[in-house]
1. Against the condition assigned to a helix (DSSP H, G or I) and modelled with pLDDT under 85, how does Phe167 come out, does it pass?
2. If you take the residues in segment 218-243 that are in contact with a Ser or Thr (Cβ under 9 Å, 6 or more places away or on another chain) and modelled with pLDDT under 90, which one is nearest to Ile149 (Cα to Cα)?
3. Can you confirm whether segment 135-143 contains a residue that is farther than 23 Å from Ile101 by Cβ, in contact (Cβ under 8 Å) with a residue 12 or more places away in the chain, of a type outside the set (A, V, I, L, M) and in contact with a Lys or Arg (Cβ under 8 Å, 6 or more places away or on another chain)?
4. So Arg148 passes all but one of these: (1) surrounded by fewer than 22 Cβ atoms within 10 Å (Cβ to Cβ); (2) at pLDDT 85 or above; (3) farther than 23 Å from Phe188 by Cα. Which condition number does it fail?
5. Go through segment 220-237 residue by residue and tally those that are in contact (Cβ under 8 Å) with a residue 12 or more places away in the chain and surrounded by fewer than 14 Cβ atoms within 10 Å (Cβ to Cβ).
6. Filter segment 115-136 for residues that are under 22 Å from Lys208 (Cβ atoms), surrounded by 19 or more Cβ atoms within 10 Å (Cβ to Cβ) and among the aromatic types (Phe, Trp, Tyr) and give the result.
7. Mind listing just one residue for me: the one in segment 72-85 that is touching a residue at least 12 places away in the same chain (Cβ under 8 Å) and surrounded by fewer than 20 Cβ atoms within 10 Å (Cβ to Cβ) and, of those, farthest from Thr201 (Cα to Cα)?
8. As an exercise: evaluate Thr74 against (1) part of a helix (DSSP H, G or I); (2) at pLDDT below 90 and give the number of the one condition it does not meet.
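The values are calculated or read from the model by the stated rules, or taken from the named source; none is laboratory data. Every value quoted in this text rests on a predicted model; they were computed, and no experiment measured them. Neighbour counts are summed over all protein chains in view; Cβ atoms, including those assigned to glycine, are modelled from backbone coordinates with ideal geometry.
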Amino acid sequence: MQLMEIVLFILLAGLPYYFLLRKFISYDKIFIISTLLLLVGLFIKFQTGLQCSWACITISLISALITFYVALKTTNLYRLSYHFLFINAPVFLLIDIKYSIYYAVALIITLIGLYFIGTYYKRNYGSANFANISGLAIKTPFVGFVLRIYLISLALYPPFPNSVFLFNSFLKNETSYMWYVVLAIVIFSNFFIAMRILTNTVFGKPNKIIFYSDIKGKERLAHFFIIILLTIWGLNGLMEVLR
């Protein structure tokens, strides 16, 4: 691996989190820092035009699988927001910079929405932990609706922009066996984690000992704005497919 490949791997695959951030930074701030590191990594890739070697991508896949295992044990929306970034690191290292940026923007917009839901949880239920809070579709319809949108987008369902840009990069880039491995692992990891939360939290049976409170006012408008951004970015992706 070249030096710049190592730098990109450090910035994108979550190594600062595992070895530094989680020890010294509050977990609700790590998503912001990890997002900035991702953007710095993409900027470096854009400036250098670096194409990562199979060794770098293979190591990032191992890192993504470790993060997938950690995410399966996570019941905190703040932590999940940056776990999703690390799980998708092999995609950013593999595909060309144009589609890396498209996919990163779609992913970040979606995760900002998930992060804001975590903030809502913390304010109303004392923490961003979702383990014991279920039945949102019944008790808090708006929260259930926007969380459903974010999770379906993260699960890479078409025509949401996350899936559109990922599959478009697959169609328009030269593919190989490694491409299929990365695609399979990333799709399975994103889908499994997102659907696990969706099934238990949005459509589960309401908890009788929880006092539910739906999102209102400016916070509701913020989520509408995020969904509008996702819609616009998704349409941009569909136009890109048709070119």
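1. Spelling it out, Phe167 is indeed assigned to a helix (DSSP H, G or I) and modelled with pLDDT under 85.
2. Within segment 218-243, the first condition is being in contact with a Ser or Thr (Cβ under 9 Å, 6 or more places away or on another chain), and the residues that meet it are 219, 226, 230, 234, 237.
Still in the list and also modelled with pLDDT under 90: 219, 230, 234, 237.
On the way: Glu219: 16, Leu230: 10, Gly234: 13, Gly237: 17 Å.
The qualifying residue nearest to Ile149 (Cα to Cα) is Leu230.
3. yes
4. With (1) surrounded by fewer than 22 Cβ atoms within 10 Å (Cβ to Cβ); (2) at pLDDT 85 or above; (3) farther than 23 Å from Phe188 by Cα applied to Arg148, the lone miss is (3).
5. If we filter segment 220-237 for residues that are in contact (Cβ under 8 Å) with a residue 12 or more places away in the chain, which is where we start, we get 220, 222-223, 226-227, 229-230, 233-234, 236-237.
Those still in the list that are surrounded by fewer than 14 Cβ atoms within 10 Å (Cβ to Cβ) too: none.
Final tally of qualifying residues: 0.
6. Tyr120, Tyr121, Phe130
7. Quick first cut of segment 72-85, residues touching a residue at least 12 places away in the same chain (Cβ under 8 Å) only: 72, 75-85.
The next check asks that each one be surrounded by fewer than 20 Cβ atoms within 10 Å (Cβ to Cβ); those that pass are 72, 75-76.
Numbers: Leu72: 14, Thr75: 11, Asn76: 12 Å.
This residue is Leu72.
8. (1)
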